[in-house]
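Engineer: Handing you a structure now.
The values are calculated or read from the model by the stated rules, or taken from the named source; none is laboratory data. What you see is a predicted model, and the numbers here were worked out from it, not measured in a lab. Neighbour counts are summed over all protein chains in view; Cβ atoms, including those assigned to glycine, are modelled from backbone coordinates with ideal geometry.
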Amino acid sequence: MDSNFASSGLVHVWTQGDAVTRTVAIVLLIMSLSTWIIILWKLLDLRAHRKQAAGVEGFWHSADFAEGLDKLGPVDGNPFRALATEGREAARHILHQDGRHAPQLHDNLDLSDWVERSLRHSLDDHAARSQSGLTVLASVASTAPFVGLFGTVWGIYHALLGIGASGQVSIDKVAGPIGEALIMTALGLLVAIPSVLGYNALVRANKAITHKLNRFAHDMHAYFVTGARVTAGGDVKVLPMKKA
């Protein structure tokens, strides 16, 4: 390794730093790795959800419900198929088409309320899954700069102690240690910026998917209650979904 490189920058900060400095560097590294893993993981999920959303129109142009489910895509991690399945099971249950004959408390609900309740639960489940990981991004974005700043303050403190002990106060003796300590602040910002941008982008993308899910849930509600999908300018009267 080049001696000039080894005596300055990140390598020098690591080799000459104490336990606190190294701990701060490791914490920032873990934060950075967590940020990029979550961003990549959520991007893959969003890509799958967009593909699944594209199958919604094909669902309504299917010959029967089973064919429509196939067009929505696989079962695992598919919120659109989960909505359709929950709506079908709710309708069958309240209409006593599931083989159950003993009366239960929810039999006092009408078909519209029961289907709406089941669809709302499915939407809430997807919202909870879509929010997973975003808390970590928000936490990293808000704390990483302060972690880096703490490393800088600690590094400057030890640099000043070393300069005072050596008895040599010159610009070259001060600039090197202080500059290396400031690297920790830069690292904190490098960790925080992708977290902020990733969080904002994922929140916007999740809102777009949630909007499509809400529209599909409204159509599913109308389908199971009236037997027809909501159509713009149509003559079919449907019961609007109530707000939760």
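Engineer: What number of residues in the range 62-81 are among the hydrophobic types (A, V, I, L, M, F, W, C) and either buried (at least 19 other Cβ atoms within 10 Å of the Cβ) or closer than 14 Å to L46 by Cα (or both)?
Structural biologist: Residues that pass the stated criteria total 3.
Engineer: Out of the residues in the range 206-240 that are under 21 Å from R81 (Cα atoms), surrounded by fewer than 19 Cβ atoms within 10 Å (Cβ to Cβ) and of a type in the set (A, V, I, L, M), state the one that is modelled with the highest pLDDT.
Structural biologist: Among those that are under 21 Å from R81 (Cα atoms), surrounded by fewer than 19 Cβ atoms within 10 Å (Cβ to Cβ) and of a type in the set (A, V, I, L, M), it is A208.
Engineer: Could you identify the single residue in G188, G155, G164 that is farther than 27 Å from A48 by Cβ, exposed (fewer than 13 other Cβ atoms within 10 Å of the Cβ) and either in contact with a Ser or Thr (Cβ under 9 Å, 6 or more places away or on another chain) or modelled with pLDDT under 90 (or both)?
Structural biologist: Values: G188 fails: exposed (fewer than 13 other Cβ atoms within 10 Å of the Cβ); G155 fails: exposed (fewer than 13 other Cβ atoms within 10 Å of the Cβ).
Of G188, G155, G164, the one residue that is farther than 27 Å from A48 by Cβ, exposed (fewer than 13 other Cβ atoms within 10 Å of the Cβ) and either in contact with a Ser or Thr (Cβ under 9 Å, 6 or more places away or on another chain) or modelled with pLDDT under 90 (or both) is G164.
Engineer: Report, by residue number, each residue of the range 130-141 that is in contact (Cβ under 8 Å) with a residue 12 or more places away in the chain and either not in a helix (DSSP H, G or I) or not β-branched (V, I, T) (or both).
Structural biologist: S130, Q131, G133, L134, L137, A138, A141
Engineer: Can you tell me which residues in the range 52-82 are charged (D, E, K, R) and in contact with a Gly (Cβ under 7 Å, 6 or more places away or on another chain)? Outline the logic, then answer.
Structural biologist: Of all residues in the range 52-82, those charged (D, E, K, R) come to 57, 64, 67, 70-71, 76, 81.
Matches in the range 52-82: K71, R81.
Engineer: Report yes if S112 is out of contact with any His (no Cβ under 6 Å at 6 or more places or on another chain), part of a helix (DSSP H, G or I), within 23 Å of N214 (Cβ to Cβ) and modelled with pLDDT under 85, otherwise no.
Structural biologist: Judged against the criteria, S112 is a match.
Engineer: Would you please list the contacts, defined by Cβ atoms under 6 Å and residues six or more apart or on different chains, that run from a residue in the range 73-92 that is over 18 Å from K212 (Cα atoms) to a residue that is of a type in the set (V, I, T) and assigned to a helix (DSSP H, G or I)?
Structural biologist: A90/V115; A91/V115
Engineer: Another one. Name the residues in the range 64-91 that are within 26 Å of S112 (Cβ to Cβ) and hydrophobic (A, V, I, L, M, F, W, C), would you?
Structural biologist: Selection gives F65, A66, L69, L72, F80, A82, L83, A84, A90, A91.
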